[in-house]
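Participant: Got a structure for you, written out below as structure tokens; questions coming shortly.
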Amino acid sequence: MSSEFILPRVGTKDNPVRLAVFISGGGSGLKSLIEYQKTPRVHITSLVISEKRNAGGLKIAEKNEILRFHVPLPTISDKTEMRLEHEKQIQQILENENIELIVLSGYMRIISPWLISKWKGRIVNIHPSLLPNFPGAHAHRDVLAAGSNISGCTVHLVDEGVDTGPILGQSRVDVHPDDSIKSLQDRVKIEEHKLYPKILDKICSGFYFNLNQKIDSHFSEV
Ligand code: GRF
């Protein structure tokens with residue numbers, strides 16, 4: 001572990017932990033989270049960020065009158081510089097809005113070590129497979145290609161690797177012999193939409209604090 005995971009403060013219903021949700025696509029996960037938060041919770045979606053102007057999730061935010069930011073990728077040819085500049089713009093928004101936890105919900109970009117160093121322990125992701133199996137951008141395709149009869153979803157803290165951070169919770173989903181990527185994805189999303197709010201409740205109510213010293217060994221058992 002190259003640096004320490006620092007978890008967000010414990011929220012209350014009167015003073016919920018302020019979330020920034022990062023999305024790139026349709027935002028069905030964001031939509032279910034916003035619905036969940038219509039009852040007061042220990043976390044609240046304070047803003048939504050996307051690098052894609054037409055991301056459906058930005059429209060969902062608008063409909064729900066949630067602050068939203070389209071932060072396009074800057075036109076800088078050097079990829080490392082471009083990523084850094086993009087993340088600096090994002091970091092400025094997060095600071096301005098007093099964000100306490102970053103929630104990746106279908107965000108299709110890899111967070112660089114620079115942003116992770118500022119947020120380690122306070123960036124969480126949902127991945128559509130049972131990690132550590134099938135990391136990466138094509139989990140459903142890879143599950144089907146491997147002939148696996150079980151899949152699911154995983155919520156994990158984000159570290160410097162790709163889908164490698166400590167696991168906070170998982171749900172299983174059967175793979176059917178006639179599944180397509182779409183049918184499997186649809187079934188997994190049903191579980192994602194239940195799991196993510198539940199794990200956010202745990203993070204933001206301090207459930208993981210006592211385990212902090214043993215983050216790697218304990219989290220996967222939750
Ligand atoms: C989800 O399956 C999530 O696990 C993956 O991207 C998908 C996002 O879907 N990282 P949506 O945009 O929330 O509908």
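Participant: Using the Cα centre of segment 17-204 as origin and beta-carbon charges of +1 (Lys, Arg) and -1 (Asp, Glu), tell me which of Leu58, Ser183, Cys153 is placed farthest towards the positive end of the dipole.
Facilitator: Leu58
Participant: Another question, then. At what distance in nm do the modelled label points of Asp174 and Glu4 sit from each other, each positioned 7 Å from its Cα along Cα→Cβ?
Facilitator: Calculated label separation equals 4.7 nm.
Participant: Using a Cα-Cα cut-off of under 19 Å, which lysines could be cross-linked to Lys202, ignoring same-chain neighbours fewer than 8 residues away?
Facilitator: The qualifying lysines are Lys13, Lys38, Lys120, Lys194, Lys214.
Participant: Moving on to the next point. How large is the charge dipole for the chain, taken about the Cα centre, if only the Cβ atoms of Lys, Arg (+1) and Asp, Glu (-1) carry charge, to the nearest 20 debye?
Facilitator: Numbers: 27 positive and 26 negative charges, 104 e Å.
In total the dipole reaches around 500 debye.
Participant: Excluding residues on the same chain fewer than 8 positions from Lys31, give the aspartates and glutamates whose Cα lies under 19 Å from its Cα.
Facilitator: Reachable aspartates and glutamates: Glu51, Glu62, Glu65, Asp186, Glu191, Glu192, Asp201.
Participant: Okay, helix-only estimate at 222 nm for the chain: each DSSP H run of n ≥ 4 adds -39500 (n - 2.57), divide by all residues, round to 500 deg cm²/dmol; what do you get? Write down the numbers at each step before the final one.
Facilitator: On the way: 7 runs with 78 residues, N = 222.
Result for the chain, helices only: -10500 deg cm²/dmol.
Participant: Using the Cα centre as the reference, give the magnitude of the dipole from point charges on the C-beta atoms of segment 24-116 (Lys, Arg: +1; Asp, Glu: -1; all else neutral), rounded to the nearest 20 debye. Don't jump to the answer; show the numbers that get you there.
Facilitator: On the way: 12 positive and 11 negative charges, 82 e Å.
Roughly 400 debye for segment 24-116.
Participant: For the chain, restrict the atom set to alpha-carbon positions and state the Rg and Dmax in Å.
Facilitator: When restricted to the Cα atoms of the chain, Rg and Dmax are 16.9, 49 Å.
Participant: In terms of modelled amide H atoms, which long-range or inter-chain residues lie less than 5 Å from the amide H of Asp159?
Facilitator: Answer set, sorted by chain and number: Thr164, Gly165.
Participant: May I pose another question? Would you pull out the residues with amide H under 5 Å of Val17's amide H, same chain only if 5 or more places away, H placed 1.01 Å from N?
Facilitator: Those lying under 5 Å, H to H, from Val17 are Gly11, Thr12, His43, Ile44.
No lab work stands behind these numbers, since they all come straight from the coordinates. Small disclaimer: the values here were computed from a predicted structure and weren't measured. Virtual Cβ from ideal backbone geometry, glycine too; neighbours counted across all protein chains shown.
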